[in-house]
Amino acid sequence: MKTLLLTLVALISINVIAQIERVTLSEFKLLSSSQLQCKLTNVIDYDNNDSSKHVSLVFQNFKYQHISDNGVIILPNQEELNSFIKDLSILYSKLNTESNLEFNRENYTVAYYDFAKNKIYILDTDGKYMILNKEQYTKLVNWLNTINF
């Protein structure tokens, strides 16, 4: 009985740590007021013999300039990535017009407002946002277009 109890306690106290490796396959940084950092990451799960890729966009919330308040957008597959690029491209075509346009998706929102000419807003699901101008948009979309899952 004593041995069984000790064995049970020993089994309960063993921590199971998943063997996961994250490998950055591609990286893009846009140093602006929002400090955008993008990565294509391959996540390898050795325990389940599985892997997946995702694109992450991490940026400083434009609302706060003196405290760290990062927004995060994860694009988990090629379909989501293509949708994000398409949404940004449509907004880019609306710059300098008198219209407002917003795409609300599950993982992000992108928007153009006529009061902010030449600017595209990117928001995460918590409402944290960054603002891109034409040059920044071009650099970001050029990098995104290089990615294939």
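Remarks
- Subset of the stretch 88-125 (residues that are free of Cβ contacts under 8 Å to residues at least 24 places away in the same chain and of a type in the set (A, V, I, L, M, F, W, C)): Ile90, Leu101, Phe103, Ala111, Phe115, Ala116
- Residue within the stretch 90-103 that is within 16 Å of the chain's Cα centre (by Cα) and of a type in the set (Val, Ile, Thr) present: no
- Matching residues in the stretch 111-144 - criterion: being farther than 15 Å from Leu36 by Cα and within 15 Å of the chain's Cα centre (by Cα): Thr125, Asp126, Gly127
- Subset of the stretch 67-81 [surrounded by fewer than 15 Cβ atoms within 10 Å (Cβ to Cβ) and either free of Cβ contacts under 8 Å to residues at least 24 places away in the same chain or of a type in the set (Asp, Glu) (or both)]: Ile67, Ser68, Asp69, Glu79
- Residue pairs meeting the criteria (Cβ under 6 Å; at least 6 apart or on separate chains; first over 15 Å from Leu30 (Cα atoms), in the stretch 126-149; second at pLDDT below 95 and not hydrophobic (A, V, I, L, M, F, W, C)): Lys128/Asn61
The values are calculated or read from the model by the stated rules, or taken from the named source; none is laboratory data. All figures in this text were calculated on a predicted structure; none of them were measured in a lab. As a convention, Cβ positions derive from the backbone with ideal geometry for all residues, glycine included, and neighbour counts pool all protein chains shown.
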